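First up is the structure itself, then whatever we jot down about it.
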Amino acid sequence: MKSRKNRMIVSFVMSLTLVATLAGCSGNNPSEATKAVTTGDITLTYFSEDSSTNWNNMKDEVGKVIAEKTGVTLDAEFAVGDPVQKISLIAATGNYPDLIAAKADVGKLVDAGAIIDLTDLIDKHAPNIKKMLGDKLVRTKYSLDDPSIYVIPTWSAVEEKKIKPDVGFKLQHRVVKEAGYPDIRTVQDFEKVIKDYITKHPTDENGNKNIGLSLNADDWHMYQVTNSGFQTTGGPDDGEYFIDQKTHQATYHFRRPEEKEYFRWLNHMNSIGLLDPESFVQKTDQFKAKIASGRVLGLADPEWDYGDGQNALKAEGKFDQTYGHYPVTMSKEYKDTNFWLPGFDGGYGISISSKCKDPVRAIQFLDFLASEEGQVLNNWGIEGKHYTVKDGKRTIIPAVLERMNNDNAAFQKESGIGLYWNLMVHYGDGIKDSTGNYFTRSYPEMLTATYNKSEKEVLKGYKIEHWKDLFPKEEEFPPRAYGAAYTMSLPNDDPAVILGAKMKDITWKRIPEAVMTKPENFDKVWDAYMAELEKAGVQEMEQSFTKHIQNRIKLWSAN
């Protein structure tokens, strides 16, 4: 691993060279920075661990404006299969794209010297990023030992007032309507409405079997299956760990007895025929196709994962087969944690590689996206084409709103609205810009306008305005001093990384086995799983991760 000193020397020399090439450009004036960017066109290569189904090579309407404003276009590649393998390959081969969007495995890129310290670039050439982050800039530093900034954080909103749930349990509107809008708080409540509906309607109108609950466990999507273990037992999303909020001790979350009971419930769902038997073998495309068929009554999946299938249902006008959100936990003693926010954690985002053809242009491109103009462009589109401003209020044009509601996938590919959010430092939902309008389209009045007719009927049935009204509120949860634990980037040779890979392999083998075995064998399989984790060094891994959590808290408290 390169020493921090060597990396800083390389970064310093590069910064001097790049500043010299752009003499006369004022890095403190946003308008001047934009002028510098638009001097000559450039194409930057870009790799992202996140997929982007609707990416259109910046030929969409928003993308064209971004290219015009910045002079930059992206030659983009998105991960197919396991993104961690791709990052490992990039780090090992030295074939670095100009921009890289990695996640928790960004440490591999740091170790390889593949990405540069952005501290000086942000200070000199990114006034919008610098202003927005303000005193939160300390949260972008890599570690106590290496306080370099390797990532422009784009995943976590700088500020946010979340207004809708995303992860957790979903039910088709027709299912809860037929049940008479019952209280759905526990997995037993969830199971009952599905069982009652499927008993009456075992098949769809074409004679195909309806499916109670389907899971997407394809490759890295397995995390979405296993995350339900902590989501149903009161834990916030801290990746593969449960963090004690008082001691900040980390536990591999599957080792909690509470979570064993969640996977026992999945085993029960399988045994009574309500779990899709293809859950652990189907590919993502097959999972989405089942959603699009309208046969899947319930989900335990984030909206971004099943959204393509739901959009297909909307395009066909099958609104009663789209989904509502419910705060399902193992029992009422637990709270659904959808609204237990980590705060800004400076985690996942974009790095500039050590082989970037023009790091200054790269940072200025990212800085434009972070500007108020860039954020409004991404979230709202183009004034006059996608929205209007009347009496100071920004409003989506009705025909555009209809397409967003009913044909969003095709519309996003054409318009580019919402397509660039994970390329930019940004404000989240519920935050207003300098004009007094919201940065995003997710605010209460706008959210109401996006509900389809079946959704409105169900919300009325529950006597609520928004799905959030069913869930525990933000103020019911304590602050998380470390942000979200899953965003921490660790050195590639750290015990938590090396042992974590072993635990993942064991877990991804044992969880499907435990869920699909006969109920009388569940305890035997689970006990063998726990013993295998112990033998593989799970306690050493937990101790190492605990140290990193506590060091992050120290780092963030330094200012």
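The values are calculated or read from the model by the stated rules, or taken from the named source; none is laboratory data. Not measured: the values here are computed from a predicted model. When we count neighbours, we look across all protein chains shown, and the Cβ atoms used for this are built from the backbone with ideal geometry, even at glycine.
Go through ASN378, ASN406, ASN422 for me and flag whichever is in contact (Cβ under 8 Å) with a residue 24 or more places away in the chain and touching a Lys or Arg at 6+ places or on another chain (Cβ under 6 Å).
Answer to the check: ASN406.
So, VAL376, is that one hydrophobic (A, V, I, L, M, F, W, C), assigned by TED's automatic domain parsing to the domain that holds VAL72 and either at negative phi or part of a loop (DSSP other than H, G, I, E, B) (or both) or not?
yes
Just checking, which of MET132, MET222 is within 27 Å of ALA114 (Cα to Cα) and either surrounded by 20 or more Cβ atoms within 10 Å (Cβ to Cβ) or modelled with pLDDT of 95 or more (or both)?
MET132
Of everything in region 493-536, what is surrounded by fewer than 16 Cβ atoms within 10 Å (Cβ to Cβ), of a type in the set (Gly, Ala, Ser) and more than 21 Å from PRO257 (Cβ to Cβ)? Give them in sequence order.
Hit for region 493-536 is ALA501, nothing else.
Does region 197-214 hold any residues that are touching a residue at least 40 places away in the same chain (Cβ under 8 Å) and either crowded, with 19+ Cβ neighbours inside 10 Å or of a type in the set (S, T, N, Q) (or both), and which are they?
The answer is TYR197, ILE198, ASN208, ASN210, ILE211, GLY212, LEU213, SER214.
If the Cβ limit is 7 Å and pairs must be 6+ apart or interchain, which residue in region 436-448 that is of a type in the set (Gly, Ala, Ser) pairs with which residue that is crowded, with 17+ Cβ neighbours inside 10 Å and outside any strand (DSSP E or B)?
Once the first residue is of a type in the set (Gly, Ala, Ser) and sits in region 436-448, its partners that are crowded, with 17+ Cβ neighbours inside 10 Å and outside any strand (DSSP E or B) give SER442/ILE163; SER442/LYS164; SER442/ASP429.
To keep it simple, each residue is scored yes or no on (1) outside the structural domain of MET222 (by TED's automatic domain parsing); (2) surrounded by 22 or more Cβ atoms within 10 Å (Cβ to Cβ); (3) assigned to a loop (DSSP other than H, G, I, E, B).
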position: LEU74; (1), (2), (3): yes, yes, no
position: VAL80; (1), (2), (3): yes, no, yes
position: GLN85; (1), (2), (3): yes, no, no
position: LEU89; (1), (2), (3): yes, no, no
position: GLY113; (1), (2), (3): yes, no, yes
position: LYS124; (1), (2), (3): yes, no, no
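Tell me the helices (runs of 4 or more DSSP H) entirely within region 155-265 that contain at least 2 residues that are of a type outside the set (A, V, I, L, M, F, W, C), touching a Leu at 6+ places or on another chain (Cβ under 9 Å) and closer than 21 Å to ILE511 by Cβ.
In region 155-265, 222-231 are the helices (runs of 4 or more DSSP H) which contain 2 or more residues that are of a type outside the set (A, V, I, L, M, F, W, C), touching a Leu at 6+ places or on another chain (Cβ under 9 Å) and closer than 21 Å to ILE511 by Cβ.
Report yes if THR329 is closer than 23 Å to MET404 by Cβ, at pLDDT 95 or above, of a type in the set (Val, Ile, Thr) and crowded, with 19+ Cβ neighbours inside 10 Å, otherwise no.
So THR329 does not fit the description; no.
Somewhere in region 327-339, is a residue β-branched (Val, Ile, Thr) and in a loop (DSSP other than H, G, I, E, B)?
yes
Which pairs have Cβ atoms under 8 Å, sit 6 or more apart or on different chains, and link a residue in region 226-246 that is assigned by TED's automatic domain parsing to the domain that holds TRP526 and within 15 Å of PRO257 (Cα to Cα) to one that is in a loop (DSSP other than H, G, I, E, B) and of a type in the set (Lys, Arg)?
Taking only residues 6 or more apart or on different chains, not a single pair turns up.
In region 143-156, which residue that is touching a Phe, Trp or Tyr at 6+ places or on another chain (Cβ under 8 Å) and at pLDDT 90 or above is farthest from PRO472 (Cα to Cα)?
Step by step, filter region 143-156, then rank; the result is SER148.
Look at ASP469 and say whether it is under 21 Å from LEU341 (Cβ atoms) and either without any contact (Cβ under 8 Å) to a residue 12 or more places away in the chain or surrounded by 15 or more Cβ atoms within 10 Å (Cβ to Cβ) (or both).
In short, yes.
Which condition breaks for THR70 when tested against (1) buried (at least 20 other Cβ atoms within 10 Å of the Cβ); (2) under 27 Å from ILE498 (Cα atoms); (3) of a type in the set (Val, Ile, Thr)?
(2) is the only condition that THR70 fails.
Look at region 184-218 and say how many of its residues are charged (D, E, K, R), modelled with pLDDT under 95 and out of contact with any Lys or Arg (no Cβ under 9 Å at 6 or more places or on another chain).
Matching residues across region 184-218 total 1.
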